[in-house]
Amino acid sequence: MTAHYPGRAAIDTYGAGGFGFAGMSHCGSILALPSGIYAWTVNPPALTPADFSMAIAEKAGIDLFLIGMGPEMARPPKPVRAALEAAGLMYDPMATGHAVSTYNLLLEEKRRVAAAFIAVDFGP
């Protein structure tokens, strides 16, 4: 994966299958990590621990990892939860819209937050 944006940025818009941030837009899901915002190619119903390998690799810079699970709150599959817990990464799954709002608030407070956002087809 290559960074669309190096460093942290608030998510300005979401919906229509993508996200807007830092004056750019991206179609599809994204990872917002300490090192940057990355395109994230995932199959939401079949998330795997490998889908979260970049977040786990950056866990030293993350106090809370938000997972925007799509239009509604859902728990990640058990193997994903086990991998995140084994890595010592505190995570909080929620609907993507709530995850975007929470991410932006914590980012504004200069907290060490990161997120995985599954794209949705509607707006806030």
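Computed from the coordinates by the stated procedures, all read-outs in this text should not be read as laboratory data. Fair warning: this is a prediction, and the values are worked out from it, not measured in the lab. Using ideal geometry, Cβ is built from the backbone for each residue, glycine included, and neighbour counts are taken over all protein chains shown.
Here are the numbers for this structure:
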quantity: Candidates per GluC sites (Glu not before Pro) in segment 1-110, loop by DSSP, up to 14 other Cβ within 10 Å; calculated: Glu72, Glu109
quantity: Cβ-derived FRET efficiency at R0 22 Å, Thr41 paired with Asp92, nearest 0.05; calculated: 0.45
quantity: Note, ³J(HN,Hα) from phi for segment 41-54, Karplus 6.51, -1.76, 1.60, rounded to Hz, x at Gly and Pro; calculated: 8, 9, 10, x, x, 10, 4, 10, x, 4, 5, 10, 4, 5
quantity: For Gly70, distant residues with modelled amide H under 5 Å away; calculated: Thr96, Ile118
quantity: Pairwise FRET efficiency - Glu109 versus Ala22, Cβ, R0 = 25 Å, nearest 0.05; calculated: 0.85
quantity: Amide H contacts under 5 Å for Ile30, placed H, 5+ residues apart; calculated: Trp40, Phe117, Ala119
quantity: DSSP-assigned coil residues among chymotrypsin sites (Phe, Trp or Tyr not before Pro) in segment 10-72, each with at most 16 further Cβ atoms within 10 Å; calculated: none
quantity: Residues Asp121 and Ala74, FRET efficiency given R0 of 22 Å [Cβ-Cβ distance, rounded to 0.05]; calculated: 0.85
quantity: Two-decimal Rg/Rh across the chain, once Rg and the Kirkwood Rh are taken from alpha-carbon atoms; calculated: 0.92
